[in-house]
């Protein structure tokens with residue numbers, strides 16, 4: 001950007017304009033508060049419980065796919081077991097109906 005050099009006679013005007021826009025005073029202990037915030041931001045965050053640590057581990061990108069795959073396999077396994085149990089109960093009910101169609105209903 002090209003610097004604009006004002007004319008020498010504009011110096012009093014610049015001074016007057018700067019005086020019309022005073023800078024506000026900083027609040028008390030401003031610098032201490034800034035350093036405290038920086039230290040707080042750099043401090044390691046401690047997990048309050050083992051569950052939070054587990055969730056933080058699972059939500060990392062490298063573990064997210066593995067966690068999703070484990071949950072998918074577990075869902076398929078439990079679904080297969082439940083389906084097999086339902087099929088067994090259905091087969092027992094059909095067998096009972098074929099052996100004694102009206103007496104046990």
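Overview of values
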{"quantity": "Cβ pairs under 6 Å, 6+ apart, first in the range 80-105 and surrounded by 10 or more Cβ atoms within 10 Å (Cβ to Cβ), second in a helix (DSSP H, G or I) and at pLDDT below 95", "calculated": "none"}
{"quantity": "Residue 17, sole failed condition from (1) surrounded by 10 or more Cβ atoms within 10 Å (Cβ to Cβ); (2) modelled with pLDDT under 80", "calculated": "(2)"}
{"quantity": "Residue 102 vs. criteria modelled with pLDDT under 85, out of contact with any helix residue (DSSP H, G or I) (no Cβ under 6 Å at 6 or more places or on another chain) and in a loop (DSSP other than H, G, I, E, B)", "calculated": "yes"}
{"quantity": "Residue check, residue 67 part of a helix (DSSP H, G or I) and in contact with a helix residue (DSSP H, G or I) (Cβ under 7 Å, 6 or more places away or on another chain)", "calculated": "yes"}
{"quantity": "Among the candidates 62, 89, 32, 85, residue that is assigned to a helix (DSSP H, G or I) and modelled with pLDDT under 90", "calculated": "62"}
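The values are calculated or read from the model by the stated rules, or taken from the named source; none is laboratory data. Every value quoted in this text rests on a predicted model; they were computed, and no experiment measured them. Neighbour counts run over all protein chains shown; Cβ positions are idealised from the backbone, glycine included.
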